[in-house]
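S.K.: My structure is below; once you've seen it, I'll send some questions.
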Amino acid sequence: MTATDSSRNTERTRQEILVAARKVLVERGTATTVQQIASEAGVSKSGLLHHFSSKDELLLSVLEEYFEGLQAAIRAQVDLSENHPGKGLRAYVRALCDPDSPIRVEFAGFADFGTYLMGIPGIDELSERDNEYWREFFAEDGLDPDRILTVRYAAEGLASASAYDEKVLTEDLPRALPLLLAMTEE
């Protein structure tokens, strides 16, 4: 086995662990154990700890990958044919407030981990980088910053609440989506 093959296997195993961790965390929440994640990934607990020295390091990596994936998913949903301000914010609102959106489902699951993760070293910096990304992304959108702030946090609040209240999913999101989209128009 060459060094390149070994690094590919290492990266593949690391990625499989991250995928398993995301799945188990969304299903079971922050009480998830390293052993449960290792079992889902098809590796031993010591094998997982070879790639991630602690549960905290693993959770930090999971969150970092989640943030990067969310950013890419929203960018992919921007409708470039919309030649007026607000297209980035509209993509964000559609992704978080459409009841059928898989992005909303995962966002709602990850929103639940916030209080637990805040004590992990590196989380504050990672969260600040993610917030800075969104501030810049929306600033380029050409809308009034106060409007962006209001719509962004309304969408995030509704998406988060949809994890806990079926009526948010079945009644509130369908009503709020067109209203929030209308607020992204000048």
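The values are calculated or read from the model by the stated rules, or taken from the named source; none is laboratory data. This structure is a prediction, so every number in the text was calculated from the model and none was measured. A quick note on method: Cβ atoms are made from the backbone with ideal geometry, for glycine too, and the neighbour counts reach across all protein chains shown. Side chains included, ligands, DNA and RNA excluded: accessible areas come from the protein's heavy atoms. Shrake-Rupley method; radii C 1.70, N 1.55, O 1.52, S 1.80 Å.
S.K.: Any chance you could give the angle, 0 to 90 degrees and rounded to 10, that helix 55-77 forms with the longest Cα principal axis of the chain?
M.R.: 40 degrees
S.K.: As an exercise, identify the GluC sites (Glu not before Pro) in region 95-140 lying in DSSP coil whose Cβ has no more than 12 other Cβ atoms within 10 Å.
M.R.: Passing sites in region 95-140 are 140.
S.K.: Still on this structure, please answer the following. Report, to the nearest 10°, how far helix 173-183 tilts away from the longest principal axis of the Cα atoms in the chain, using its own Cα long axis and a range of 0 to 90°.
M.R.: Its long axis makes an angle of about 60 degrees.
S.K.: Would you mind checking the tilt of helix 145-161 against the longest principal axis of the Cα atoms of the chain, expressed as 0 to 90 degrees and rounded to 10?
M.R.: With rounding to tens, the tilt is 50 degrees.
S.K.: Could you give the accessible area per residue of the chain, probe 1.4 Å, as a whole number in Å²?
M.R.: Counting only protein heavy atoms, the per-residue value for the chain is 53 Å².
S.K.: First measure r as the distance between the Cβ atoms of residue 31 and residue 149, then evaluate 1/(1 + (r/R0)^6) with R0 = 30 Å and state the FRET efficiency to the nearest 0.05.
M.R.: 0.35
S.K.: Using alpha-carbon pairs under 8 Å, 6+ residues apart, how would you state the relative contact order of the chain in percent?
M.R.: Taking the mean separation of contacting Cα pairs over the length of the chain, I get 23 percent.
S.K.: Another question, if that's okay. Using r as the Cβ-Cβ distance of residue 132 and residue 56, and R0 as 30 Å, what FRET efficiency do you calculate, to the nearest 0.05?
M.R.: With a Förster radius of 30 Å, E is 0.85.
S.K.: Students often get this wrong, so try it: which of (i) 64, 39, 28; (ii) 65, 49, 32; (iii) 57, 37, 28 is Cα extents along the principal axes in Å as calculated from the structure shown?
M.R.: (iii)
S.K.: So, in nm, how far is label residue 64 from label residue 19 when the simple model puts each one 7 Å beyond its Cα toward the Cβ?
M.R.: In this crude spin-label approximation the distance works out to 2.0 nm.
S.K.: Shifting gears a bit: Looking at region 107-179, which chymotrypsin sites (Phe, Trp or Tyr not before Pro) are DSSP coil and have at most 16 other C-beta atoms within 10 Å of their C-beta?
M.R.: Qualifying residues, ordered by number: 164.
S.K.: So for region 33-124, averaging the separation of alpha carbon pairs under 8 Å that are six or more residues apart and normalising by length, what relative contact order in percent results?
M.R.: 20 percent
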